[in-house]
Amino acid sequence: DVKVTQSSRYLVKRTGEKVFLECVQDMDHENMFWYRQDPGLGLRLIYFSYDVKMKEKGDIPEGYSVSREKKERFSLILESASTNQTSMYLCASSSPRDRGMEKLFFGSGTQLSVL
Amino acid sequence: GQQLNQSPQSMFIQEGEDVSMNCTSSSIFNTWLWYKQDPGEGPVLLIALYKAGELTSNGRLTAQFGITRKDSFLNISASIPSDVGIYFCAGMDSARQLTFGSGTQLTVLP
């Protein structure tokens, strides 16, 4: 069964802490994405990557960075967590092949609370 | 980025009723998609549409790619309790950038 696995289901952190959210996919997908989900705002793209060591800013990259050292793993980093980063974070992957780009496979999400 | 207007924001319906929701945009999209998010899970792709006017079904779900390429509709017939969740539309533009709508929260009452 193909999967996108996010390392934590729930996380509670303090303001100012450095936070790592990990995501691993087993589908050999080139594309990986990080979204945040907030009520009434839908899914907003934070960062994405089309290849190892490659990263591109999405619509809301401020306060975040990412790392893609291996094809299967894409990490989201909050350098100094703030309360406005309390949210559900969703990782996704897709294939770049024809009619594969838009077919995202999502993880179950990490609910992050910053106190 | 681009914006999609998805409506309604939430719906409460009786089991067995039909459901309709839609997405509109001021921009043209080449692909429209509908995803469903079950409680506690990530979204899952339901239907993908690739041509203006296209009508595609997946079981009790039917989606349409609007003729203007600026809108899409999703209908669910004879709703059942497991239809509960958040439904997201998404559009892909010519630059292959994907934009999601704000979601429709569906509640099915017994």
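Between B:Tyr50 and A:Ser95, the modelled label-to-label distance comes to 1.3 nm, taking each label 7 Å out from Cα in the direction of the beta carbon.
For segment A:83-89, putting each phi into the Karplus relation 6.51 cos²θ - 1.76 cosθ + 1.60 with θ = phi - 60° gives couplings of 4, 6, 9, 5, 5, 8, 10 Hz, in residue order, rounded to whole numbers and with x for Gly and Pro. Stokes-Einstein diffusion of segment B:1-64 at 37 °C, 0.692 mPa s viscosity, Kirkwood radius from Cα pairs, rounded to a whole number: 241 µm²/s. Here A:Lys70 and A:Thr15 are evaluated by their C-beta separation; at R0 = 35 Å the FRET efficiency comes out at 0.70. At q = 0.28 Å⁻¹ the log10 of I(q)/I(0) for segment A:1-64 amounts to -1.36, computed by Debye summation with a single uniform scatterer per C-alpha, solvent ignored. So what is the diffusion coefficient of segment A:30-80 in µm² per second by Stokes-Einstein at 4 °C and 1.567 mPa s, using a Kirkwood Rh over Cα pairs? Estimated diffusion coefficient is 116 µm²/s.
Spherically averaged projected area of the convex hull of Cα atoms, chain A: 6.9 nm². For the protein assembly as shown, the equivalent ellipsoid derived from the alpha-carbon gyration tensor has semi-axes of 29, 20, 16 Å in decreasing order. Counting every C-alpha pair in chain B, the share spaced more than 17 angstrom apart comes to 49%.
A short reminder: the numbers here are calculations on the coordinates, not readings from a lab. Quick caveat, the model's predicted, so the values are computed rather than measured. In this analysis, Cβ positions are derived from the backbone assuming ideal geometry, glycine residues included, and neighbour counts consider all displayed protein chains.
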